[in-house]
Amino acid sequence: MKKIILAAAVISVFLWGAQASAREITVLLKQGVSQGTIGGSGVVLTDAGGMYTKPFNGTFKISYANGAMKAGKVTYKLPVTMKSSSGVVVDGVKYKGSLVIERNSNKLNIVNKVDIEEYLKGVLKSEMHPTWPKEALKAQAVLARTYTLASKKHGGYDICNTTHCQVYGGVADESSNIVQAVNETKGQILTYGGAPAQIFFFSDSGGMTTGSETVWGSAIPYLTPKADPVSNDSPNKTWQTTLTMAQIGQKLNAAGTGVGTLKSLRPHKRDKSGRIEQIELKGSAGTKIISGNKFRTAVGATVVKSTLFEFNRRSGYSVKSSPASKPAVNLVQIPKQNASSAQAAQIAGMPECDADKLYWMAQNGVFTMRELLAMIGDDSKYPQYVAEGLARMAKMKNPPVKAEKPKPAQPAPSQAAAEVSASPLSMEGTSSGTVVMYGRGYGHGVGFPQWTAKALAEAGWDYRRMLEYYFQGTKLETR
Ligand SMILES: [Zn+2]
């Protein structure tokens, strides 16, 4: 696979100079299925034994049988490829590129091999409304492309088609705006330290984004709090949720973070953006302080839309920028991979606390950033996750090793420019039977706020300016 990409890159550089090269990726469409329906028009099947069909039209059922793939009375030796110049259909969904059907123990994996640019045209609709301004869609295209290239494999494949990695709806999700946004940003990604950056986006910031450390306890240099330069017309700019103390208590208990019968809730610590970083729970079984994100996830991320909320009141909220004498973040060099590292060195080089270990593992490709996001807040399971990470590292060909003496890098001048903070929100708690939460924004709050991107595009910002603002310190490069 690598060789093919390399060869393609060499040829395209030779033919078109600096123009971006075509890059084929593998997308896991169906994992471990015993059957499926595939087809298309003018499709040709080739099996591992060299048997191939004449081009034919239509869809047909395939199933796993005794180490092979069966279609009707014909048995095909795995892996099987299916090609067509007009795309392929899997369980009623049409995709560009070709299919590979592989064995997954006693089942099948159905995989789409597709050029990354064609793939992205089937991705964007799940992430941003296709009628939104083109500059916002272009920014989203760069982010989706960056995420795809930063993704550290799903099994042996580049990425899967679910929320686990990136939702991919295929040809039906393409539209002219989306196609233009992908074409006009062809090959462009955000990089940091020469590698694809770890990117995040979410719906609505409520006025200010937050740093990565609020969500997972460690700072990523280019994911720092940013005040929105314009206001937006998001439906969740402000929100209000009413629940009973008992309902919240049940949710917390179900998530394994309860305090018996819940009696009161109180913000314990807010971050620079005003988000609840820690919240205090008091109940019949004692007092606990948990992260705001854990609280949100436990109660329901669609109910508690963000951690930027207050109890019983809605205070004024404004964001201030002031010149800072020192950078707002400590820049840490990402450790380089070292092929000769031993397991002992990896463990010795890792941070001590479990949360930092998980973050470090994600930074080094042991977990995807989305896996990390899913793990965050689940403190009780951290030891289990760390064990899973160590097991994965033991299987890696080039396991990561932490640099012995990480040198703090010098911040770029723009990174030290401004310290941003929001006006303080109420620290008032509640012990009432009915809990009213007054909040702002929707989502985890780290990275790129999509509703603000829409407003910025309408205010005349182009996608480069938006990305530079929200991912300060990264570079927009063509790969
Ligand atoms: Zn995945």
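The values are calculated or read from the model by the stated rules, or taken from the named source; none is laboratory data. What you are looking at is a predicted structure, and each value in this text was computed from that prediction instead of being measured. Glycine gets a Cβ as well: all are built from the backbone with ideal geometry, and neighbour counts include every protein chain shown.
Numbers for the structure displayed
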| quantity | calculated |
| --- | --- |
| Matching residues in segment 124-153 - criterion: being within 15 Å of the ligand (Cβ to nearest atom) and not in a helix (DSSP H, G or I) | SER151, LYS152, LYS153 |
| Qualifying positions in segment 264-301 - small (Gly, Ala, Ser) and touching a residue at least 12 places away in the same chain (Cβ under 8 Å) | SER264, SER273, GLY274, GLY283, SER284, ALA285, GLY286, SER291, GLY292, ALA298, GLY300 |
| Strands (runs of 3 or more DSSP E) wholly inside segment 238-296 that include at least 1 residues being basic (Lys, Arg) and surrounded by fewer than 22 Cβ atoms within 10 Å (Cβ to Cβ) | 262-270, 276-283, 286-291 |
| Positions within segment 161-172 being surrounded by fewer than 18 Cβ atoms within 10 Å (Cβ to Cβ) and more than 9 Å from the ligand (Cβ to nearest atom), in sequence order | VAL167, GLY169, VAL171, ALA172 |
| Some residue of segment 212-235 being surrounded by fewer than 17 Cβ atoms within 10 Å (Cβ to Cβ) and modelled with pLDDT of 95 or more | yes |
